[in-house]
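J.: Here you go, one structure.
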Amino acid sequence: MEVFAEKFADLKILRYDVPGFETLNLQKKLYIYYLSQAALCGRDILWDQNNRYNLSIRSVLETIWKTYTGNRESEEFKQFEIYLKRVWFSNGIHHHYSTGKLAAGIPKTYFDELVSNSNWSDFTIPSGKSFEMFISEIRNVIFNPDREIKRVNLEPDKDLIEYSSNNYYQGVSQDEAEGFYANLKTSAGNRPTSFGLNSTLIKENGKLAEKVWKLDGKYGKAIEQIIYWLTKAKDYAENELQMKTIHHLVEYYQTGDLALFDQYCMDWVKEQEGEVDFVNGFIEMYGDPLGIKGSWEAIVNYKDMEATKRTIVISENAQWFEDHSPVDPEFKKAEVKGVSAKVINVAMLGGDCYPATPIGINLPNSEWIRELYGSKSVTIENITRAYFLDSVNSGMLEEFACSTDEIERAKTYGYLAGNLLTDLHECLGHGSGKVREGVNTDQLKNYYSTIEETRADLFAMFFIMDEQMIRLGLVPSFDAVKAGYDSYLRNGLITQLTRIESGQNIEESHMRNRQLISLWVYEAGRPENVVEFIHSEEKTFVRINDYQELRKLFGQLLKKVQRIKSEGDMDAARNLVENFAVKVDRKLHEEILARFKKLDLAPYAGFLNPVYELKTWPCGTPNDVLIHYDEDYTSQMLRYSKDYGFLPIENE
Ligand code: ZN
């Protein structure tokens, strides 16, 4: 199987393999197969959550692609194809990472020409609208720069809802939404459900109301399908607890009752025995600037036995790490509970995990469930391996690493160091530390995600260099640590800038946290020249001069950031983020973009799913599941729209 599939705009499409799938027993194969179907059925939900015009626009663009009778070899048609591919990739019209609206790359007049030479009767028109009205509205949304500008706007001085064009709130201001959920929270006990997670907040006759995402509510047509496949999967579950988990999830999808979702989360965390596992639901809140609404996502996976050994060692020693962490004793957990850890391979990606994919998962998100029951942390081995295989020969190291030693280290230890840092971040980082009585982490508002990711990263950076890691047999040599540090700072100070457009600032939480950490240690270590910017032949490089000192700086910052989270110190969070994480050195940025451009690489990657084929021949009952890797990007996207396009087009 070839990892690389294709490249366009700022994106590349890769494939992941599903190692050992063929050797799983039939029950597990079928369990994965049915869960995979459920994982694809909520795709339309995410599209609609991202923006209310997304499903319409996808349908219009796909109809043009399928029926346009003009010249399909022209440069303009190629540009149109690229736009369509970008929309597919982003699950909508906004860039998946920057969340700014994608430029169509074609003139408005060409769009008109595409529409008029396509098959009009194939366009799906929402009820109550004429063809002309509908097309002109879609055209306006795509081409008018003042409409639907940004999916998630985090500018602190603006109304975060009004200026964000996601579809989680309708006719509601930020103050109203915050007030609405604050009221619900104060009237709840100390184990509140995730209020607002699974609904659209609307204003009806001057009153706020929630449209809940459930079987007989909003998104019901897709949810019905998810329930159908989950119910089939249940018959092949590996144990009682998995069955119970699915049962609660189905009930939750039927009723929208968040207490049932909590019940599902608790069972899901407890279930550790099975080999196959999955996520399916309204999970992460990054798409909502207020961090309340969950975007729909799904992952089906199974354990990678070999690599899991590594994270078992880490999690078994969780208490040691907590006790030796450099944070104030007041903010340490006396007892670190339930840090489970495993390495998985994904078998199917859906919703917000597709095609852009996380490399680790740490769930559930509910704070009190985490405190009482712990969380599940996973590193996704087949995804990280695909990334590494693709990257090692890209030329990036040769261009941006500051010495041949650094390149050697990266090639030898980069994969291992990256995995260890992810393991430490996911298994220990997020679960470490304690919040002071009475403090609610919501106080950090739009800075929370960045502060939390910073904290988890720092925990990893501090401990990867600890002698304990060598004693535990996880770190083979000091060079492996160096490779980890080199690559973190090279990325945080230099290479991640390739993902920011000229003139823009950093918005995304993980990118913010990486620059925050890198720039802070650079500034703090300046008197001793711990980290240095080197200039050679008009190129800028980062060199670490003192790894031991650098580790101390990571520890100092970890202590600071833990205090901010534990005390809910909004002013300190704002200062740290605004001073270190957001702004970009314009001159350096231009230089990096120019060097990167010469390499002709794509800064973002996403993954195609394999295709599973259920064998029922000759006896009519399922007797095997075959796996294929040969579907290309366009075919996969069109097939998903056709086979899993369950939601009507409404633009609401
Ligand atoms: Zn994280």
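The values are calculated or read from the model by the stated rules, or taken from the named source; none is laboratory data. Values in this document were obtained by computation on a predicted structure and should not be read as measured data. As a convention, Cβ positions derive from the backbone with ideal geometry for all residues, glycine included, and neighbour counts pool all protein chains shown. Surface areas here come from the heavy atoms of the whole protein model, side chains and all, with no ligands, DNA or RNA. Shrake-Rupley method; radii C 1.70, N 1.55, O 1.52, S 1.80 Å.
J.: Would you mind checking segment 303-337 for residues with the amide N under 18 Å from a putative spin-label position 7 Å along Cα→C-beta of Ile627?
T.: Residues 303-308 fall inside that zone.
J.: Same structure, new question: Kindly provide the pair-distance distribution of the chain built from C-alpha pairs, with 10 Å bins from 0 and whole-percent values in order of increasing distance.
T.: Bins of 10 Å from zero give 3, 15, 26, 28, 19, 7, 1, 0 percent of pairs.
J.: What is the percent carbon and sulfur in the accessible area of segment 304-605, measuring with a 1.4 Å probe over the protein chains and ignoring ligands? Before the final figure, lay out the partial values.
T.: Numbers: 5770 of 12060 Å².
Carbon with sulfur: 48 percent of the solvent-accessible area.
J.: I've got another one for you. Can you tell me the accessible area per residue over segment 374-446, all protein chains present, probe 1.4 angstrom, in square angstrom?
T.: That works out to 39 Å² per residue.
J.: So what is the calculated 222 nm ellipticity per residue for the chain, using -39500 (n - 2.57) for each DSSP H run with n of 4 or more, over all residues, to the nearest 500 deg cm²/dmol?
T.: Values: 24 runs with 301 residues, N = 652.
Calculated at 222 nm, the ellipticity per residue is -14500 deg cm²/dmol.
J.: Please identify every one of the GluC sites (Glu not before Pro) in segment 76-178 that sits in a loop by DSSP and has no more than 15 other beta carbons within 10 Å of its own beta carbon. Don't jump to the answer; show the numbers that get you there.
T.: Values: sites: Glu76, Glu81, Glu113, Glu132, Glu137, Glu148, Glu162, Glu176, Glu178; in loops: Glu148, Glu162.
In loop regions of segment 76-178 (DSSP not H, G, I, E or B), the sparsely surrounded GluC sites (Glu not before Pro) are Glu162.
J.: Still on this structure: Using +1 at the C-beta of Lys and Arg and -1 at the C-beta of Asp and Glu, which of Ile494, Leu626, Leu444 has the Cα lying farthest in the positive direction of the dipole of the chain?
T.: Leu444
J.: Rounded to the nearest whole Å², what accessible area per residue is found for segment 64-208 with the 1.4 Å probe?
T.: I get 49 Å² per residue for segment 64-208.
J.: For Asp157, Asp457, give me the order by solvent-accessible area with a 1.4 Å probe, most accessible first, ignoring ligands, DNA and RNA.
T.: Asp157, Asp457
J.: Spin-label point model (7 Å from Cα, Cβ direction): what's the Asp146 to Gln443 distance in nm?
T.: That separation, rounded to one decimal, is 4.2 nm.
J.: Suppose all protein chains stay in the model; what accessible area per residue would a 1.4 Å probe give for segment 522-652, in Å²?
T.: Roughly 51 Å² per residue, with all protein chains present.
J.: Taking segment 535-571, which GluC sites (Glu not before Pro) meet the DSSP loop condition and have no more than 12 other C-beta atoms within 10 Å?
T.: Those that pass, being in a loop and sparsely packed, are Glu537, Glu538.
J.: Let me ask another. Given the pairs Lys101/Lys539; Lys108/Lys587; Lys482/Lys552; Lys150/Lys560; Lys29/Lys234; Lys129/Lys221, which span a C-alpha to C-alpha distance of over 24 angstrom in this model?
T.: As for pairs spanning more than 24 Å Cα to Cα, those are Lys101/Lys539; Lys108/Lys587; Lys150/Lys560.
J.: Need one number: convex hull volume per residue for segment 256-356, Cα atoms only, in Å³.
T.: Normalising the Cα hull of segment 256-356 by residue number yields 166 Å³.
J.: In addition: Hey, if we sort Glu155, Glu452, Glu240 by accessible area with the 1.4 Å probe, largest down, what's the order?
T.: Glu240, Glu155, Glu452
J.: Then there's this: Magnitude of the Cβ-charge dipole of segment 72-201, K/R +1 and D/E -1, about the Cα centre, nearest 20 debye?
T.: About 440 debye.
J.: Using 0.36 nm times the number of residues separating Glu537 and Lys615, minus their current alpha carbon distance, what extension gain do you get?
T.: 22.0 nm
J.: Which stretch or stretches of segment 98-116 have amide N atoms under 17 Å from the point lying 7 Å from Phe8's Cα along the Cα→Cβ direction?
T.: 102-107, 111, 114-115
J.: Dipole of the chain, Cα-centred, from +1 at each Lys and Arg C-beta and -1 at each Asp and Glu C-beta, to the nearest 20 debye? Write down the numbers at each step before the final one.
T.: On the way: 75 positive and 99 negative charges, 54 e Å.
Its charge dipole is roughly 260 debye.
J.: In nanometres, what is the gap between the two model label sites at Gln27 and Gln170, each 7 Å from Cα along Cα-to-Cβ?
T.: It works out to 4.5 nm between the two label points.
J.: Spin-label point model (7 Å from Cα, Cβ direction): what's the Lys597 to Arg499 distance in nm?
T.: With each label point 7 Å from Cα toward Cβ, the separation is 2.1 nm.
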